[in-house]
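The values are calculated or read from the model by the stated rules, or taken from the named source; none is laboratory data. If you're wondering where the values come from, they're calculated on a predicted model, not measured in any experiment. No Cβ is skipped: glycine too gets one built from the backbone with ideal geometry, and neighbour counts run over all protein chains shown. Each accessible area value is taken on the protein alone, full model and side chains, heavy atoms only, with ligands, DNA and RNA left out. Shrake-Rupley method; radii C 1.70, N 1.55, O 1.52, S 1.80 Å.
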Amino acid sequence: MNKANSLSVTAALFGACLAVAALSSPAYAAGEDNSATPTCPKGEVWNPKTKKCVKQEGSLLPDSDLTTYAYALAEAGRYEEALAILDTLKNPNTAIALNYRGYATRKLGRTDEGIGYYMKSVQLDPQYAKVREYLGEAYVIKGHLDLAKDQLAKIRAICGTDCEEYRDLAEAIENPAKM
């Protein structure tokens, strides 16, 4: 093999190694706290303590870690997987878990079902601005701008007009076609 061919083969192998490394590394999605939570291959969950993907079955992760991971999956468009993770929670009836279940079901096109989960979340924590945003967005999808504006007013009372939840819902109400 001549030197040119040897360099070509070396470059190709290096490129292949980079591709394999990229595919085997977890992808990152923004979590509710604006920190990056990686998403792992199907059947695995992110363990924030070890900073590694671990097998979902037999995982002893606390509900809070699983809930955060489910949201990261949903944000990455992996809604069915997010719901499957939420199904493994010891206590699935928390405001945050119900909100994320509502988000994933709404994104799957099951808006009425999502609204039901949002309403349960609101009952548990009426001051939870994120669920108010998502509930308002679901109302925008349904064409109920009056109900969406009610949620916007509640968000304003919770965190003002500068919080992300207020801005996002205000934009959805202003531009419903983008939903």
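The figures follow:
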item	result
Simple spin-label estimate for Arg167 and Met179 in nanometres, 7 Å along Cα-Cβ	2.1 nm
Per residue solvent-accessible surface (Å²) - segment 126-179, probe of 1.4 Å	52 Å²
Once the Cα gyration tensor of segment 51-179 is diagonalised, semi-axes √(5λ) in Å	27, 15, 13
Whether segment 126-171 is rounded, prolate or oblate, judged on the alpha carbon gyration tensor where a/c under 1.5 counts as rounded	prolate
Segment 42-121: relative contact order in percent, alpha carbon pairs under 8 Å with at least 6 residues between	21 percent
Added length on full extension, which subtracts the Cα-Cα distance from 0.36 nm per residue, Cys159 to Asp125	10.8 nm
Interchain or long-range residues, amide H under 5 Å from Thr39's placed H	Ala27, Tyr28, Ala29
